[in-house]
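All remarks here apply to the structure that follows.
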Amino acid sequence: MGKAAADTRQDDEPASAVVAARALLSRAFEPDAARSEELERCLRALIARTETLETERALLLQQRAAFRTVIASIPFFVFWKDREGVFRGGNDLFAKLAGLDKADDVVGKTDYDMPWTKEQSDRYRKDDLGVIASGKPQLDVEETNLDAGGNDKIVLCSKVPLHAEDGSVTGVLGIFSDITARKAMERELSRSKEQAEAGNRAKSDFLATMSHELRTPLTMILSPVEALLSERRSSLAPEVIEVLERAYRNAHRLKTLTDDILDFSKQQAGRLELELEPIDIREHLTQLVLDMTSAAVARGLELRLESVDSSIGVVTLDVAKFDKILINLIGNALKFTPRGGNVRVSVASDGKLLSFCVSDDGPGIDPKDHERLFRRFEQVDGGSKRRHGGTGLGLALVKQFVELMGGRVGVRSQLGAGATFSFELPQRSAGGQAPSALRDYVRHASSGIAAGAARSAELASAPVDAPRVVVAEDNDELRHYIEQLLGRTFRVSAVPDGQAAYDAICELKPDVVVSDVMMPGMDGFELVAKLKADPELATIPVLLLTARAGVDASSDGLDRGADDYLAKPFSPLDLIARVRAAQRMRTLHAQLRESERRLQAAERLAGLGRLLAELSHELNNPINVIYNGVLPIEDYGQRLVAYAQACDAQLSGAGGELSALRQSLDYDFVVADLPLAIHTLRDAAVRIRDLQADLRSFLLGKASLNRAHANLDELVSGSLELIRRDRLSPIVVTLKLGQVPAFEFDRARLGQVLLNVLKNAAEAAGPTGHVAVETEVQGSWARVLVTDDGPGVPDAIRGQIFQPFFSTKHVRLGTGLGLSVSTEIVAQHGGRLYLDSEWREGARFVLELPMIEGGVPPRVALPAEERGPGRASEGSASSETLP
Amino acid sequence: MTTPGPVQPARAKPRLLVIDDEPGNLFTFRRVFASLYDMTLASSGNEGLLRLDAATGVQAFEVVLLDFAMPQMNGAQFLAAMREKHPTIPCLFLTAYAELEEVKSVSKSYRVAAVILKPWEKDDVERRIEHALRLSKMKRATSTMRG
């Protein structure tokens, strides 16, 4: 009972039955049948109630035991406190944590009696009060806790309020778990994850680097093989071609794989970016399909581009990725479709989306495999059945590229019913034109053995004044390709070998030469050497196309005089850029040379001008003496001769001393010749004075012609006479005058020209030589031909002798201005002075002058033989009057 | 084509002083104009000044013909010296440097009657001398009238 009493104290006892029983007991001794009846009823009720309680108690005890067991055995730390923070209980785990023997030892203690730190206790107390005040639980709070052993624990704690019957909060129940180990594991895990990620990044970087590294040697394999196949194909045996093509195909496949890996690793590293540019879809697709046609044909397949929606014009795309998508899809179709099959490419547009389809009639793909198709490293017919090479990255990349461009990729296929791969891209209109049909995507060059000579793209032609380029390339296809490539910008003449190139270059004098190195007959190096040896052609820049890439080949080419080189396979843009650069360089060089020449000429002219000005002044005095001195002398001469003749007549027949003097004097000749001699001198003096006047007017900046009616024959013979007299050594001259009618010309100036030309001829002929001078009329032109039998003018300088300041031994003129000034004077007359290019024995200068029409009717000229120098002098004297 | 005219009395020929440092020019000038003028030749500016001073009265020079570019004393310096004592005698330049700015400016400031370029033309020189003489005579006449 004692125990029961204790229990009732604790248990919720039904009080009404007890109260009723006590009341009955107090009246128990009053014998009363009614009361005993009532007593009996009460006892029965009490007994029944007691039985119920017993039952309930047993249940409770059972529950309590279960509860205790739960509390004791759950892997959580459990405690409960009253409102004052005093522990009212806990489980063994908790007690152990607190360093106590058993759970009951917890009762009556506070946090401050526990091994944890004061700060921790303060925080716990604060949390408890929070829960008590709010009546709301605090769940899953992660906090630290120091256990009895002094170890730091990380715990995850929940605290819930304890309620009394009336709902008031009587305390706090706490449950927590030790998550220290879990935490440590989490940390360990995250560290492992980081390590794994770093490893992955390293792998990606390695892949990227490797694929980059691989591309270079691969290109080195591809280029020479391709060059062999494209340039030397005709000289290769079929079996060699087959082997080389296989090597090429596989190397190319390897390169494609490498590119895939690179793209993949880029994508892994999140480095893929769109590079949008406008392209003409129709043109681009046409080209791309054409380029892949050869691969299709090689596999016995038909590849066709069909139904390109004509409304699609220029759109903005990442061309490289777009190409990759299509090449992958078409490549797949070609790969999986058996011989005799068809592959179709089409594109449609609804204005917003571009839909591309690549269909084949190959074996098809089981729909259950469709989903796997676009995953990385999956090949549907994997395992031992694997027939086709590849990384399995292709379609995954396609998917990624399409999605990167904001599109979707899909496949429709049934086993045995072919497959259609499609993708959609948002249609971004470029709003303009594609810059050029030429992509920096060198399909022709890289597909090499290639594709359609039947390039439908019309050949855009360059303007008629475009720079000229001669292309030498023995491979027909490549030649056509280059021709087409450069034809848009340049006037291209394409020839198949070095000799033809040389001929074309000689004839056309192009601005740039593009030449293959290896050609039948004259090869590229030989062509360069030949061009560079010719001063006329040496300045034309030569761009060599060499199959041998690398520094060796370039320095080889450059050593041999090429101005630039380009390794095959080359990018079309590169070729155009280089040709353009070479052409620009040449223009610049020419301009530079020209301005340099002009500058030099100007400087020389300026210096010469100063010199001439000085000289001209200094000449004035001696010319004055000669010119004015000769006048009286003429007078004296005439008078002396008259006197001498009178004397001679008087003294006729006188012998002795006078007779001897007369004989030694050669009196008859002297008397006849003296007036002529003086006349000739005077004529020369007049001409010198005139020249001086010309020079002066030239130096003063103007030299207008002073035309007057005059006789060319007279001028020619007079000039010749002057030359003859002037020279110490005799010259043999043949003079043939063609009775040129008088016409208007500047006598003094043309005299200057004739003197120049005649002096030249006399100089060239030398003392033993011969000079022939001829005048003639040809239509309305008067011509003077001056021919000498001297050494002739070397070809090299023929073009230059008429340039100002050109001076050689052949053209031995004091100032170097002689022929240049002469040319100028003749040009002022509307005529021409030139060197007869046909004449090869010695030199023949031709002076052509137009006879002014409607002039005075030609005077009847005396026969040449009867015309002496004196008459010429007379003529000159008559036109000598000055203003 | 100078035809010897009738021999004129020496007194009737105008008296010219010709100054040039080149004897060739002097003699040529005298040779060409011997029949027309009574000429005194001087081969330097200094000599010219002495001759000018020495010739007085009826011997006085009526025209001075002067080279410009001469050593020691050039045409400009000569004119400056001459004008102090002989302000009215007309002067003509006979020079190879007619285009020089200096010649032009000197001619202006010293009232040089004419600048004749060498090589000269006989007729041209003669015409200009006659012109200078006439002008000079007219000036003398007017100044005498005033005096």
**Message:** Ranking request for peptides A:501-514, A:766-779: highest mean number of other beta-carbon atoms within 10 Å first, then the rest in descending order.
**Reply:** A:501-514, A:766-779
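From other protein chains only, count the Cβ atoms within 10 Å of every residue's Cβ in A:628-636, then give the mean.
For this peptide, the per-residue mean of nearby foreign Cβ atoms is 5.
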**Item:** Contact order normalised by residue count of region A:734-797, Cα under 8 Å, 6+ apart, percent
**Value:** 37 percent
**Fill in**
On the formula 1/(1 + (r/R0)^6), with r taken between the Cβ atoms of A:Lys509 and A:Trp839 and R0 of 25 Å, the FRET efficiency rounded to 0.05 is 0.45
**Request:** Per residue of region A:60-73, in order, report the coupling 6.51 cos²θ - 1.76 cosθ + 1.60 (Karplus, θ = phi - 60°) as ³J(HN,Hα) in whole Hz, putting x for Gly and Pro.
**Result:** 4, 4, 5, 5, 4, 4, 5, 4, 4, 4, 4, 3, 6, 9
**Prompt:** Net charge near A:Thr768, counting Lys/Arg +1 and Asp/Glu -1 over other residues with Cβ under 12 Å of its Cβ?
**Reply:** -2
**Request:** For region A:154-188 and region A:664-682, compute the distance between their C-alpha centroids and round to whole Å.
**Result:** 152 Å
**Request:** Tell me which residues come under 5 Å, amide H to amide H, from A:Ala742 once H is placed; ignore anything under 5 positions away on its chain.
**Result:** A:Arg859
**Request:** Pop a pseudo-label 7 angstrom from the Cα along the beta-carbon direction at both B:Asp53 and A:Glu38 and give the gap in nm to one decimal.
**Result:** 19.3 nm
**Prompt:** Got a sec to turn the phi values of region A:402-408 into Karplus ³J(HN,Hα) couplings, 6.51 cos²θ - 1.76 cosθ + 1.60 with θ = phi - 60°, whole Hz, x for Gly and Pro?
**Reply:** 4, 5, 4, 8, x, x, 10
**Message:** Taking amide H atoms as placed 1.01 Å from N in the peptide plane, list the residues 5 or more away in sequence, or in a different chain, whose amide H sits under 5 Å from that of A:Gly487.
**Reply:** none
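Determine the shape class of region A:103-143: with a ≥ b ≥ c the square roots of the Cα gyration tensor eigenvalues, call it rounded for a/c under 1.5, and otherwise prolate if a/b is greater than b/c, oblate otherwise.
prolate
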**Request:** Could you order peptides A:656-665, A:710-719, A:78-87 by the average number of other Cβ atoms within 10 Å of their residues, highest first?
**Result:** A:710-719, A:78-87, A:656-665
**Greater than 30 Å apart at Cα, pairs in A:Lys335/A:Lys368; A:Lys118/A:Lys159; A:Lys109/A:Lys136; A:Lys193/A:Lys321** = A:Lys193/A:Lys321
**Request:** Assign one of three labels to chain B, namely rounded, prolate or oblate, based on the Cα gyration tensor with a ≥ b ≥ c the square roots of its eigenvalues; rounded applies when a/c is under 1.5, prolate when it is not and a/b is larger than b/c, and oblate otherwise.
**Result:** rounded
**Asked** What residues have an amide H closer than 5 Å to that of A:Ile74, excluding those fewer than 5 places away on the same chain, when H is modeled at 1.01 Å from N in the peptide plane?
**Response** none
**Fill in**
Output field shielding_mean for A:610-618 (other chain Cβ, 10 Å radius) holds 2
**Asked** Sorted by mean Cβ packing within 10 Å, highest first, what order do the peptides A:582-591, A:520-529, A:622-631 take?
**Response** A:622-631, A:520-529, A:582-591
**Prompt:** Going by the alpha-carbon gyration tensor, a ≥ b ≥ c the square roots of its eigenvalues, is region A:479-543 rounded (a/c under 1.5) or, if a/c is not under 1.5, prolate (a/b greater than b/c) versus oblate?
**Reply:** oblate
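How crowded by other chains is B:107-118, given as the mean number of beta carbons from other chains within 10 Å of each beta carbon?
Per-residue shielding by partner chains comes out at 1.
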**Request:** Could you run the Karplus curve 6.51 cos²θ - 1.76 cosθ + 1.60 with θ = phi - 60° over region A:647-656 and give me ³J(HN,Hα) per residue in whole Hz, x for Gly and Pro?
**Result:** 4, 4, 5, 5, 8, 3, x, 5, x, x
**Message:** Just to be sure I understand: with springs between alpha-carbon atoms less than 10 Å apart, which residue in B:Ala132, B:Ala113, B:Ala55 has the highest mean-square fluctuation in the Gaussian network model of chain B?
**Reply:** B:Ala55
**Message:** How many angstrom lie between the Cα centre of region A:109-133 and the Cα centre of region B:89-134?
**Reply:** 133 Å
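Return a whole-number percent for the relative contact order of chain B, with Cα pairs under 8 Å and 6 or more residues apart as the contact set. Mind dumping the intermediate values first?
Details: 192 pairs, mean separation 27.9, N = 147.
Once divided by the residue count of chain B, the mean separation gives 19 percent.
Here, each number is a calculation from the coordinates, and none is a lab measurement. The structure displayed is predicted, hence computed values, not measured ones. Counting neighbours? That spans all protein chains shown, and the Cβs are built from the backbone with ideal geometry, glycine included.
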